[in-house]
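Below is one structure, written out as structure tokens; comments come after it.
The values are calculated or read from the model by the stated rules, or taken from the named source; none is laboratory data. If you're wondering where the values come from, they're calculated on a predicted model, not measured in any experiment. Note that each Cβ is placed from the backbone with ideal geometry, even for glycine, and that neighbours are counted across all protein chains shown.
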Amino acid sequence: MNRKKLILLLALGLVSCMVNAQDLRNSSNSFVGKIESDGTVRNSSNSSIGKIERDGTIRNSSNACIGKIDSDGTIRNGSNSSIGKVESDGTVRKNGSSVGKIDKDGTVRNSSNATIGYAKGVSVQHAAVYFFFDFFKK
């Protein structure tokens with residue numbers, strides 16, 4: 001195989017890995033949505049249901065601000081009240097109580113340590129917003 005073909009195949013493989021790395025899956029490993037590299041959140045029908053902006057602002061499909069992720073992992077609702085936090089070890093707290101954890105490999109677990117989903121390659125804060133704070137669920 002010549003060098004150009006090899007580079008092209010490697011590039012295509014890398015692109016496909018990057019696209020799949022943002023998938024959100026339920027406990028049965030079924031695709032439920034994805035978070036694209038620009039922060040757009042799509043459901044399983046590929047419809048845009050929201051966006052997480054670079055500054056952490058969370059918007060719904062109507063572009064209304066419905067929350068924010070602070071740099072320290074604090075999750076805020078649309079009224080700017082703190083409703084949860086993602087700790088550095090992936091533990092997710094809602095109103096002070098642990099509601100789950102996102103492991104380093106992207107496995108999402110509830111407070112009973114049961115697997116409720118997978119978010120391989122998705123930032124821990126973004127996965128927490130999707131799985132635990134219901135900002136984008138419809």
Options Arg54, Arg59; residue that is over 12 Å from the mean Cα position of the chain (by Cα) and more than 19 Å from Phe131 (Cβ to Cβ): Arg54
The correct count of residues that are surrounded by fewer than 21 Cβ atoms within 10 Å (Cβ to Cβ), in a loop (DSSP other than H, G, I, E, B) and not charged (D, E, K, R) in segment 110-132 is 6
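Looking at segment 72-83, is at least one residue in contact with a helix residue (DSSP H, G or I) (Cβ under 7 Å, 6 or more places away or on another chain) and closer than 18 Å to Gln22 by Cα? Step through it out loud before you land on a result.
Keep residues of segment 72-83 that are in contact with a helix residue (DSSP H, G or I) (Cβ under 7 Å, 6 or more places away or on another chain), which gives 73, 75.
The next check asks that each one be closer than 18 Å to Gln22 by Cα; those that pass are none.
No; the residues of segment 72-83 include none that is in contact with a helix residue (DSSP H, G or I) (Cβ under 7 Å, 6 or more places away or on another chain) and closer than 18 Å to Gln22 by Cα.
Residue-by-condition table, conditions (1) in a strand (DSSP E or B); (2) modelled with pLDDT of 95 or more; (3) hydroxyl-bearing (Ser, Thr, Tyr); (4) surrounded by 12 or more Cβ atoms within 10 Å (Cβ to Cβ):
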site	(1), (2), (3), (4)
Ser16	no, no, yes, no
Val19	no, no, no, yes
Ser37	no, no, yes, no
Gly100	yes, yes, no, yes
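Suppose we filter Val41, Val32 for residues that are touching a Lys or Arg at 6+ places or on another chain (Cβ under 8 Å), closer than 26 Å to Asn80 by Cα and of a type in the set (A, V, I, L, M, F, W, C); which single one remains? Walk me through how you get there before you give the answer.
On the way: Val32 fails: closer than 26 Å to Asn80 by Cα.
When all the criteria are applied, what remains is Val41.
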I need a count of the residues in segment 54-95 that are free of Cβ contacts under 8 Å to residues at least 24 places away in the same chain, within 18 Å of Ser111 (Cβ to Cβ) and in a strand (DSSP E or B). 3
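Consider segment 21-74. How many of its residues are under 12 Å from Gln125 (Cβ atoms) and among the hydroxyl-bearing types (Ser, Thr, Tyr)?
Keep residues of segment 21-74 that are under 12 Å from Gln125 (Cβ atoms), which gives 35, 39, 52, 56, 58, 67-74.
Cutting the leftovers down to among the hydroxyl-bearing types (Ser, Thr, Tyr) gives us 71, 74.
Residues flagged as under 12 Å from Gln125 (Cβ atoms) and among the hydroxyl-bearing types (Ser, Thr, Tyr) within segment 21-74 amount to 2.
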